[in-house]
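Engineer: One structure follows; several queries about it will come next.
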Amino acid sequence: MKQNFISISKSLFFPAEGILVIGDLHIGYEAMLRQLGLQISIGLTKDIIDDLKLILEKIKAQYSLKKVIFIGDIKHLFSAEYEEKKSFFKILNLLENYIPSKDIILIKGNHDTFEF
């Protein structure tokens, strides 16, 4: 049986449709750790952006990207945190280098409490 999707890092890509699906980024996990008193910086937003660049370049080299769908839990904290929003807009800016913003679809998860 032929697979109609490709697993690339933490995402799925459907080549026939040109759709990239990403879920559970949990942007802001570091902020939650800081709120708990853990003073660590593990660079998760930078890691997410670096990983997305690799995913997008791999797709661009062989396929046509038509849509990106985030399937929930884009952010981690249940409250609206400035750092989460700032990080998310960095990610959106990266994606807009590859695809028009109208083709980026956001589906809210239970952690996604603010309007995108």
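Engineer: Could you pull the accessible area for I107 with a 1.4 Å probe, rounded to 10 Å²?
Structural biologist: 80 Å²
Engineer: Another question, if that's okay. Describe numerically, in nm with one decimal, the distance between label points set 7 Å from Cα along Cα→Cβ at I8 and at L54.
Structural biologist: 1.2 nm
Engineer: Continuing with the same structure: Measure up K10/K67; K46/K66; K66/K86; K58/K86 against 22 Å on the Cα-Cα distance and list the ones that go over. Working shown, then result.
Structural biologist: Values: K10/K67 16 Å; K46/K66 24 Å; K66/K86 25 Å; K58/K86 26 Å.
Check vs 22 Å cut-off fails for K46/K66; K66/K86; K58/K86.
The values are calculated or read from the model by the stated rules, or taken from the named source; none is laboratory data. Predicted model, so just to flag it, every value in this text is computed and none were measured. Cβ: placed from backbone, ideal geometry, glycine included. Neighbour counts: every protein chain shown. What goes into the accessible areas is simple: the full protein's heavy atoms, side chains included, and nothing from ligands, DNA or RNA. Shrake-Rupley method; radii C 1.70, N 1.55, O 1.52, S 1.80 Å.
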